[in-house]
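Q: Starting off with a structure, shown below.
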Amino acid sequence: MNEGGESKEMLNNERCWEAVVNKDKGQDGQFVFGVITTGVYCRPSCPSRRPLRKNVRFYKIPAEAERAGLRPCRRCRPLADVGVDSVTARIRGLCNYIRGNSDSGDRLNLDELSRHAGLSPFHLQRSFKAIVGVTPRQYLEACRLKALKGKLRSRISVTEAIYEAGFSSSSRVYERVDTRLGMTPTEYRARGKGLSISYVSVESPVGLMMVGATNRGLCFVQFGESHHELLEMLRKEYPAASLQPMKQPYSQQFGLWMEALCGHLRGDQPHLDLPIDVRATAFQFKVWKYLQSIPYGEVRSYTEVASGIGRRAATRAIARACASNRVAIVIPCHRVIRCNGELGGYRWGLERKRVLIDRERAARAGTLRFP
Ligand SMILES: [Zn+2]
């Protein structure tokens, strides 16, 4: 996932596939495609045997394919023509250097970095972006954010523990929870034990998406690079549940849920009201319900959410509640940003958050262009 927070057009999968089928040299450099079964990524014109469509994923730049755990093809050498083969190692070294020194204030400016890498500032900017996918500054900011989160985590859990102490031990709270919204306390403790979850992954306008559901509602809507990765994420969330692939054709109920979700992501259906079935604390529910009240195409700051639910001091706990969301989009945690206008965090990558916000705004303004 891209922590760079950069806005980028999503690829048109159909057009990309057409280019791969035609081994279209004209598309080289526009994107690369990965084959999840072989773990290799290629340029569109790669002379190797054409893979099966279902095993192919598209990436705007080599860096995204690398992040998805793929390695460059030895035949078509997707990195060669960008001239990055020779500097890749230097940029990788620079990434390590930035990670290790992200707390050293403003010393890590572009001059310092270009000295360290032995590249001109211009060459560094360009190569860094081509290889890593974000600018050195964005990378540095992502490192700082990550370090900060790590430091906060221990304190946050204490705060959360205080907020939630009175809740988890009291069945009262759970009785008050809307039955459409949430597992019973017993199920919550058992990490999904006794639950039967069906899942399917589908391509969405913002990437591969897995949807998991019980017969009561959606319990998992998440984005990932591969079906395998998503299934692992589902298993981690519900280790004790019984998981099975969604039967095709979908049941009428699930079909309607999927239609609503996909229509919403396409921008056709601004208002989304789907039943969800997730384990959560009362505090999390409160936050999530508030998020669902934020109008399509709008955003709120963490501070606004905090005062909205009458917990002015709980900004961090709110950020945590957003981060622990398991049903993306249905609970629109992407609509919460920092009060200074920065994106804040997003469990499924800042780039995706940016795109979701932009698409919603565009759809509302009637200027959304497909894909
Ligand atoms: Zn290749």
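Q: For the stretch 39-48, name all the residues that are near the ligand (Cβ under 10 Å from one of its atoms) and either exposed (fewer than 14 other Cβ atoms within 10 Å of the Cβ) or within 20 Å of Gly207 (Cα to Cα) (or both).
A: Residues of the stretch 39-48 near the ligand (Cβ under 10 Å from one of its atoms): 40-48.
Listed by number, the residues that qualify are Val40, Tyr41, Cys42, Arg43, Pro44, Pro47.
Q: Looking at the stretch 304-316 only, could you name the residues that are open to solvent by less than 10 Å² (accessible area, probe 1.4 Å) and either outside any helix (DSSP H, G or I) or of a type in the set (Lys, Arg) (or both)?
A: The one that is open to solvent by less than 10 Å² (accessible area, probe 1.4 Å) and either outside any helix (DSSP H, G or I) or of a type in the set (Lys, Arg) (or both): Ala314.
Q: Would you confirm, using the coordinates I've provided, whether Ala319 is of a type outside the set (Phe, Trp, Tyr), part of a loop (DSSP other than H, G, I, E, B) and either outside the structural domain of Pro205 (by TED's automatic domain parsing) or modelled with pLDDT of 85 or more (or both)?
A: no
Q: Can I ask one more? Look through the stretch 76-100, keep the residues that are modelled with pLDDT under 75, open to solvent by 20 Å² or more (accessible area, probe 1.4 Å) and not acidic (Asp, Glu), and return whichever of them is farthest from Val20 (Cα to Cα).
A: Among those that are modelled with pLDDT under 75, open to solvent by 20 Å² or more (accessible area, probe 1.4 Å) and not acidic (Asp, Glu), it is Ala89.
Q: Quick one: Arg53 ticks every box in (1) more than 14 Å from the ligand (Cβ to nearest atom); (2) more than 12 Å from Trp17 (Cα to Cα); (3) not acidic (Asp, Glu) except a single one, so which number is it?
A: Unmet condition: (2).
Q: Here are the criteria: (1) more than 11 Å from the ligand (Cβ to nearest atom); (2) at pLDDT below 90; (3) surrounded by fewer than 21 Cβ atoms within 10 Å (Cβ to Cβ); (4) within 23 Å of the chain's Cα centre (by Cα). Tell me which single one Ala65 does not satisfy.
A: With respect to (1) more than 11 Å from the ligand (Cβ to nearest atom); (2) at pLDDT below 90; (3) surrounded by fewer than 21 Cβ atoms within 10 Å (Cβ to Cβ); (4) within 23 Å of the chain's Cα centre (by Cα), Ala65 is out only on (3).
Q: Tally up the residues in the stretch 24-52 that are farther than 21 Å from Lys129 by Cβ and touching a helix residue (DSSP H, G or I) at 6+ places or on another chain (Cβ under 6 Å), please.
A: Final tally of qualifying residues: 4.
Q: Additional query: Anything in the stretch 240-299 that is among the charged types (D, E, K, R) and closer than 17 Å to Ala362 by Cα? List them, or say none. Before the answer, list the steps.
A: Our first condition is that a residue be among the charged types (D, E, K, R); within the stretch 240-299, this holds for 247, 259, 266, 268, 273, 277, 279, 286, 289, 298.
Once the filter is applied, which keeps residues that are among the charged types (D, E, K, R) and closer than 17 Å to Ala362 by Cα, the stretch 240-299 yields Arg266, Asp268, Glu298.
Q: So which of Glu351, Glu304, Glu259, Glu360 ends up being of a type in the set (Asp, Glu) and modelled with pLDDT of 90 or more?
A: Working: Glu351 fails: modelled with pLDDT of 90 or more; Glu259 fails: modelled with pLDDT of 90 or more; Glu360 fails: modelled with pLDDT of 90 or more.
Only one candidate qualifies: Glu304.
Q: Out of the stretch 322-371, which residues are among the basic types (Lys, Arg), buried (at least 21 other Cβ atoms within 10 Å of the Cβ) and not in a helix (DSSP H, G or I)?
A: Arg326
Q: Okay, next question. Quick check on the stretch 7-38: of everything there that is of a type in the set (Val, Ile, Thr) and open to solvent by 20 Å² or more (accessible area, probe 1.4 Å), which residue is nearest to the ligand (Cβ to nearest atom)?
A: Thr38
The values are calculated or read from the model by the stated rules, or taken from the named source; none is laboratory data. On a predicted model such as this, the values are computed, not experimentally measured, just so you know. When we count neighbours, we look across all protein chains shown, and the Cβ atoms used for this are built from the backbone with ideal geometry, even at glycine. Quick note on the areas: whole protein, heavy atoms, side chains included, nothing else; ligands and nucleic acids left out. Shrake-Rupley method; radii C 1.70, N 1.55, O 1.52, S 1.80 Å.
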